Amino acid sequence: MAITSAIVLFAVIWFMTLFIVLPLRLRTQGDAGEIVPGTHAGAPADFKPKRIARLVTLIAVPLWLLVVGVILSGVISVRDLDVMHRMHAPAAGETDG
């Protein structure tokens, strides 16, 4: 796995985790009863981006390490994901990597 692939994989996992974590324990301005004029009642009341980013990173790093470990170990390869059997069989002496 190239360094660029590892960085892109981490970014994808980090943002997927972010979108899962964002709505958890969300307290809106409507729930708090303190709606700032000009904003929607569904806007977050006490949004703390540093706390959210720290939490997402703490969740994303072990997930990323797990995925990278599986990829580098070869437990799952691209051929395992080929359910339509469209990839040709490797020739003699050719590696599967």
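No value in this document is a laboratory result; all are computed from the given coordinates. Keep in mind it's a predicted model, so treat the numbers as computed, not measured. FYI the Cβ positions are ideal-geometry reconstructions off the backbone, even for glycines, and counts take in every protein chain you see.
Across the range 73-88, coupling constants 3J(HN,Hα) worked out from phi with the 6.51/-1.76/1.60 Karplus curve, θ = phi - 60°, read 6, x, 4, 10, 10, 5, 5, 5, 8, 7, 6, 8, 6, 9, 7, 6 Hz, and Gly and Pro carry x.
Protection proxy ranking, highest mean first, for peptides 72-81, 17-26: 17-26, 72-81, where packing is the per-residue count of other beta-carbon atoms within 10 Å, averaged. With a ≥ b ≥ c the root eigenvalues of the C-alpha gyration tensor of the range 3-81, is it rounded (a/c under 1.5), prolate (a/b larger than b/c) or oblate? Prolate, since a/c reaches 1.5 and a/b exceeds b/c. Here the extension length gained between residue 71 and residue 41 equals 6.4 nm, from 0.36 nm per residue of separation less the Cα-Cα distance. Per-residue ellipticity at 222 nm, computed for the chain from helices alone with -39500 (n - 2.57) per DSSP H run of at least four residues, works out to -16500 deg cm²/dmol.
Using a Gaussian network model on the chain with a 10 Å cutoff between Cα atoms, which of 57, 28, 39 fluctuates the most? In the Gaussian network model the winner is 39.
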